[in-house]
Structures are given as C-alpha cells and as structure tokens.
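Participant: One structure coming up, written as structure tokens, with questions to follow.
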Amino acid sequence: MTEGSSAITLLICDDHKILTDALAMVVDRDGSLTMIAPPVHDPEAAIELCREHQPDVVLMDIVFKGSMNGIDATRKIKEVSPSTKVVIMTAHDDERLLVEAVEAGASGFLGKDEAADQVLAAAKSAAEGEVLIDPVVLTRLLHQVSKQREAERDVQVLFDSLTEREWEVLRFLAQGRRNDDVAVALFISPQTVQTHVRNLLGKLHVHSKLEAVALAVRHDAISV
C-alpha cells in the first residue's frame, strides 16, 4: 500500500472495455481502493504508468492484440515497480501460461467469470501479500511444465545435431517434395538425398519422413 495513503492504489489493464468499465465503477464505490489512472488497454501503457505511480496492485489480462502479452508485461512491471502485485485475469486454462505468469512475478490468478466484488476482494488480498493460487495446484503445474520443458530440451539436442544440408532436406520434405525433386533443387543425386534422409531420421529418432516433419513442426523448428 502506498506510503501515507490508506487506500490501495490500483491499475487495470485489459482490452475488454466492458469489463474494465464495470470494474472501474465498482472501484469508485469502494473507499478502500483508488485508481491511479483510468483503465488501460495496452500493456506498454500499463508499464509506463507503473513506472510513474508505483501502484499497489495491477489487474492484468494475458492476451492482447499487440505484440506484448500480459506475461511479458508482468515481468516488465516487476522490474520498474518491484513492490507492485500483479494479478492475472484470464479466461484461459493453459497451464503453461499460468506457470509462466508465476515465473514472471504474478501474485495469482482470477477467472474473468468472477463477480466484480470478488475481483476487488482479490486485489485487496494481493496488496496484503497473499498469493492467489492454491500451493498444491501450483506445485502440480510446476511439475508438469518442468517435465514438458525437459522433453523439449531433449528434442532441441536432436535438432542441434542436424547439419545445414539435413535441415535443407527436411524443409523440402515439409513441402511435400519427393527425393527426386529435392535432388534437383539441391543439385545433388537422389542417392545423396536418400542418405541425408536416412541420417536425419536416425538423428531425430523417428521412423519416417512424415514423422520427422511432424516432430519439427510440433516444436516450431520449421513451418509448413
């Protein structure tokens, strides 16, 4: 809570104007909360307001239309105003997003289906230092995401073992090219293409060209 003030200072950042207007109206009627500025719909604007005003709490959406999401904004807010508590408001159940938000410094989460009074009660709890997520749930999510990240690191090691030529061949395979077509495009023999295919399948621990392409696409190594 801001020194010298009994009211909790609050900033709302969400691009759903109906929601933010409703929350702002409830805040106006609550003597224990005060807005540092009208609700903003751009996370970069929220960062600058936090830099200037150091609010006690920010209610932050995750998904925005621009290039910055609420998780990146949370990380930046904690850099420019470390004492500010960021509460993520989300309609998403993506467990990875929730864990990333905690890692970025968020104090907890609220569903967008919560009543306005409940949202403001949560803002007050966050200002008092309470963590708005069940520790058991957080532990489970951290364990799941840890396993996913470990698997991704293992796959990245496989991708890193591919040569530049093998990547070229894999990209052509992702376009649906046959070995003869790849040979013509790369000015090499079909037998050489077959050797590259065999080598990249072995390195990626897969059994077919389709499986190799699917693995690379799934991990955003190539696009189709």
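Rule-based calculations on the coordinates, nothing more; no lab input. Since the structure is predicted, the reported quantities are computational estimates derived from the model, not experimental observations. Counting neighbours? That spans all protein chains shown, and the Cβs are built from the backbone with ideal geometry, glycine included.
Participant: Helix 116-127 versus the longest principal axis of the chain: what angle, 0 to 90°, nearest 10, using Cα atoms?
Facilitator: Helix 116-127 and the main axis of the chain meet at about 90 degrees.
Participant: Quick one: work out Rg over Rh on the C-alpha atoms of the range 8-139, Rh as Kirkwood radius.
Facilitator: On the way: Rg = 13.1 Å, Rh = 14.3 Å.
Result: Rg/Rh = 0.92.
Participant: Once the mean 1/r over all distinct Cα pairs of the chain is inverted, what Kirkwood radius in angstroms do you read off?
Facilitator: Values: mean 1/r = 0.0489 Å⁻¹.
The Cα-based Kirkwood calculation yields 20.4 Å.
Participant: Let me ask another. What ³J(HN,Hα) values, in whole Hz, does the Karplus curve 6.51 cos²θ - 1.76 cosθ + 1.60 give for the range 32-38 when θ = phi - 60°, with x put for Gly and Pro?
Facilitator: 8, 10, 9, 7, 7, 6, x
Participant: Work out the length of the dipole vector of the range 41-109 about its Cα centre, built from +1 on the beta-carbon of each Lys and Arg and -1 on the beta-carbon of each Asp and Glu, and round it to the nearest 20 debye. Present the calculation step by step, with values, prior to reporting the outcome.
Facilitator: Working: 7 positive and 13 negative charges, 28 e Å.
It comes to approximately 140 debye.
Participant: Can you list residues whose amide H is under 5 Å from residue 108's amide H, if they're 5+ apart or on another chain and H is modeled 1.01 Å from N?
Facilitator: Counting only residues 5 or more places away or on other chains, the set is 88, 132.
Participant: Cross-link list 76/124; 65/209; 17/85; 76/203; 65/203; 65/147: which exceed 28 angstrom alpha carbon to alpha carbon? Mind showing how you got there, number by number?
Facilitator: On the way: 76/124 22 Å; 65/209 36 Å; 17/85 22 Å; 76/203 39 Å; 65/203 39 Å; 65/147 30 Å.
From 76/124; 65/209; 17/85; 76/203; 65/203; 65/147, over 28 Å: 65/209; 76/203; 65/203; 65/147.
Participant: Calculate how steeply helix 164-174 sits against the longest principal axis of the alpha-carbon atoms of the chain, using the helix alpha-carbon long axis, and give the answer as 0 to 90 degrees to the nearest 10.
Facilitator: Orientation of helix 164-174: about 80 degrees from the principal axis.
Participant: Continuing with this model, one more query. In degrees from 0 to 90, rounded to the nearest 10, what is the angle of the helix 43-53 Cα long axis to the longest principal axis of the chain?
Facilitator: Orientation of helix 43-53: about 40 degrees from the principal axis.
Participant: Something else: Dividing the Cα radius of gyration by the Kirkwood radius, what Rg/Rh value follows for the range 156-218?
Facilitator: Details: Rg = 10.6 Å, Rh = 11.4 Å.
When Rh is taken as the Kirkwood radius, the ratio is 0.93.
Participant: Explain nothing, just the number: dipole magnitude of the chain about its Cα centre with +1 on each Lys and Arg Cβ and -1 on each Asp and Glu Cβ, in debye rounded to the nearest 20. Could the numbers behind the result be given before it?
Facilitator: On the way: 23 positive and 36 negative charges, 208 e Å.
Around 1000 debye, computed over the chain.
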